[in-house]
Every structure is written in structure tokens, then in C-alpha cells.
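Heads up: the structure comes next, in C-alpha cells.
Every number here is computed from the coordinates shown, using simple stated rules; none is lab data. Everything numeric in this text was worked out from a predicted model, so none of it was measured. Ideal geometry is used to build each Cβ from the backbone, glycine not excepted, and the neighbour counts take in all protein chains shown.
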Amino acid sequence: MIAYVLMFVLCFISACGSPQYSDFFPYHNDGTPKPSVALLPVFDKTKTVAMNNVSQDLSQKIRLELMHHSKLYIPTAAQLKQQQLSCSQDDLLNSKDLMPFLHFQPEHFVVVLELVEFEQKPYKKNAVNLIYPPHVRRDEASMLSMKMRLKIVDIRGQEPKLIRQEIIPTNYVLATGEFEDSLEKEGTDAFQITPVGKGIQRFVQNVVEKIEKNSCF
């Protein structure tokens, strides 16, 4: 019996010290609170037919990346369910009247993300934020063009404040046929290592960097 209890305690301590556990913990290792961020699911404004679940995929990846970095505390969707029911989509996308965002208190910030572009485009030599995988020849290239509208609202007081609003672009270069070949693997584990999967991950990293930079005390 004693051996069983000891094993349980050791397993509990090990779990508490693991990165997976700390990702869900609202405090840093030194005991100071992390900024609590109400991260809403990505709104898909593209009406893209290229990927079936692009907004869900981005929502999950952004959440997991933020939790992995463990700089912010990200409440679960279940924890925010009631607050989200108190706000319409128009409320969340409107930047003139920010008072509905106070429904998300006692969190500190609300992050609203709108995917406004996700499509394959012809290659442009001087495109903004162009990322070249080493295997792609420029004379046989196209682009995966992605744009996310980011809005961060500070709700720590009685008067919500819009502290950041911008479009985050990423243009990822693809070789001929890679876009279509990648999408054939959508929904499988293999998709993550396809050119489109890698491009999406770079996009996620750009978005996460902006959220972390503007959601700290």
C-alpha cells in the first residue's frame, strides 16, 4: 500500500513538472500570473473551397502553439462558452463598440482572428513576406497566399481598449503541383509535412508571435 501511494505521488509530481501540465497552468514557475487571453475560434471570411476545415485547423494549431510556448494562459472553449454566447459575431468583429468584450472578464485580453485570404496565386517576385523552401525553382513556382486579420482588445478595466489591429500576411512558395498534391492529404497525419502543411505552420508561427508580443503585461 505504501509503495502504491509513493508511486502515485511521484507520478503526480512528474506530471506537474512536465511542459504539458504547465501549458494549462495560469501561473509562471515563479508564481506570477500569466496574462489570460480569451482566444476565439478563427472566423473564416474567405469562403475557400480549397480546404474543408482550414479555419478549424488554424484555430487548433494557434491554440496549441500558444500553449506550447506557455507565455500566456489560454482558457478552454468550454470555459469561454457562456461569454461567447453573450456576444454575436457582429459584436466581435465590430471595432467601434468594444463594450461587448467585457463579457469575457475576468480574462485580461480577447483575441479575434479573421482568415481573409487562403488561396494559390501566381508567383510574384516582390511579394510581401515571401518564404522560399530550398527545393523550389523560382521559374516553376506559385504562392500559397494567406492573410489573417488580428484584433486584440484589452479588457482589464471598465473601458475596453483596442490595442492591436492589423493584417498578417504570409506568402509561401510552392512548386508546380504541390498545392493540389498537399490537399489530397488533408485530414491525415501526412498533411503536416506537405508543402501546404508547412506553409500553414509558418503562418501560425507569425500569428502567434504577434499575439504574444501584444498580450503581455
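Side notes on the structure shown:
Residue-wise test of (1) touching a Lys or Arg at 6+ places or on another chain (Cβ under 7 Å); (2) under 15 Å from K121 (Cβ atoms).
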site: G157; (1), (2): no, no
site: P160; (1), (2): no, no
site: E166; (1), (2): no, no
site: T170; (1), (2): yes, yes
site: K185; (1), (2): no, no
site: A190; (1), (2): no, no
site: V196; (1), (2): no, yes
site: I211; (1), (2): no, no
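Matching residues to (1) over 23 Å from V136 (Cβ atoms); (2) of a type in the set (D, E, K, R); (3) in contact (Cβ under 8 Å) with a residue 24 or more places away in the chain; (4) in contact with a strand residue (DSSP E or B) (Cβ under 7 Å, 6 or more places away or on another chain):
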site	(1), (2), (3), (4)
K151	yes, yes, yes, yes
Q158	yes, no, yes, no
I163	yes, no, yes, yes
T170	no, no, yes, yes
V173	no, no, yes, yes
F179	no, no, yes, yes
A190	no, no, no, no
R202	no, yes, yes, yes
I211	yes, no, yes, yes
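- 2 or more residues surrounded by fewer than 19 Cβ atoms within 10 Å (Cβ to Cβ) and hydrophobic (A, V, I, L, M, F, W, C): qualifying strands (runs of 3 or more DSSP E) within the range 109-217: 161-175
- Note on the range 67-91: residues that are in contact with a helix residue (DSSP H, G or I) (Cβ under 9 Å, 6 or more places away or on another chain), more than 20 Å from P160 (Cβ to Cβ) and of a type in the set (A, V, I, L, M, F, W, C) amount to 2.
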